[in-house]
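What follows draws every value from the coordinates through simple rules; no lab data is involved. Just so it is clear, the model here is predicted, and its values are computed rather than measured. As a convention, Cβ positions derive from the backbone with ideal geometry for all residues, glycine included, and neighbour counts pool all protein chains shown.
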Amino acid sequence: MDRLRDVFVALGRDGGFFDFQNAVIAGLYDALSQGYSHGENEVALVKRVVETANGQSYKNVSIHGAMLHGSRSYVEFSHRDRPVTTELGDMAILTTVTAAGDRLLQRLCIVQNKKKGSTSWRIDAEQLFLLRCFPPFTGNRGIFRGCSGLVFRNLSGCLGAYGLIAPPCEMIFSSAPLVEEMLRGANTLKADGISAPSDAWGTYNWMDRVYDWGLLEHWPPRETWAKFCGNTRFARDITELVRYWTQVNIGEITCWSNEVTNPNADAFANFLLRKAGFAKLAHLPPDNVFGDREFDGEMGVLLCHVDATPTEGAGGPAR
């Protein structure tokens, strides 16, 4: 916990980190603008986002992106009184914070991107239920083929989310529960129906709680680490999304202090990291869920990796 605090404080004070975020933001706006000018669909736009973000870094923060190819992944589950089959999502946003390879923190968000029609975004009710509630599901085809009775816990309310893409080059990020609220029973979401809740940044922040409860003494002022490691459920645009993501605010926590907290979701996150070629960045546990199966799916994978390994002379081992 001390190590996380120190890293976040350092980044919060570093003007170069802010410049890095702005460079990533500018690149993504340009990528979506080009995609829209060519009339590309969601899959092509996701590919542009992944390829543009990949390889950008600043000091101990690096972004990695990969497109995993294959058939789309569909899962089967019970929706109300009947079984349904729907796609899981087309993009995964991950964040991993490591120290000497050990995972101090890992987060996962499964995203379905939707390109705006003439006036609105069309939302499939069954997929929305999946991304909002994550009921027990069975693999139909793609990544989860052969898996049955899988359960992903969604304690944050942001394991599942939507990327609402709009011309000329914008993307709104919203958790699935918030999309449900904004739809108000409809199956299309109009721009004037989108609103940010007052607690969009998060209903909790573990660093706030530690500070309030006085668990650690001699903590630096709040403003030096504010906006890190919260629970962001809504971002108005790419600018907010990139800043929240690179400040470790996006998605469900699946691993904390090298302890797995959400087993199936963590196994899925690690499966994606391995298949995307990012496993070397962290010591990942053995996979008892997906094993050594081949990847069979179509998904963009975005990873923000923060290396919190103490530098020489910076003190003892990470905690």
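Relative contact order (percent) for region 1-122, with alpha-carbon contacts under 8 angstrom and 6 or more residues of separation?
15 percent
Take every Cα pair under 8 Å whose residues are at least 6 apart in sequence, average their separation, divide by the length of the chain, and the relative contact order is 29 percent.
Seen against the Cα atoms of the chain and their longest principal axis, helix 263-276 is set at about 90 degrees. Spin-label pair A23-R184: with each label point 7 Å from Cα along the Cα-Cβ axis, the two points sit 4.4 nm from one another. Each Lys and Arg Cβ is given +1 and each Asp and Glu Cβ -1; about its Cα centre, the chain then shows a dipole of about 340 debye.
If you take all C-alpha pairs in the chain, what percent of them are over 28 Å apart?
Of the Cα pairs, 38 percent sit more than 28 Å apart.
Modelled label positions at R80 and T138, each set 7 Å beyond Cα in the direction of Cβ, lie 2.2 nm from each other.
Given a Förster distance of 25 angstrom, what is the FRET efficiency for R236 paired with R72, based on the Cβ-Cβ distance and rounded to 0.05?
Computed FRET efficiency for R236 and R72 comes out at 0.30.
Candidate cross-link partners of K116 among the lysines, defined by an alpha-carbon separation under 19 Å and a same-chain spacing of 8 or more, comprise K47, K190. Computed from Cα atoms, the angle from the helix 15-37 axis to the main principal axis of the chain rounds to 10 degrees.
When the chain is treated as a Gaussian network with alpha carbon springs shorter than 10 Å, the biggest mean-square fluctuation among R13, R236, R145 belongs to R13.
Placing R0 at 51 angstrom, the Cβ-Cβ distance between A125 and E51 gives a FRET efficiency of 0.95 after rounding to 0.05.
For region 98-178, relative contact order (Cα pairs under 8 Å, six or more residues apart, normalised by length) works out to 32 percent.
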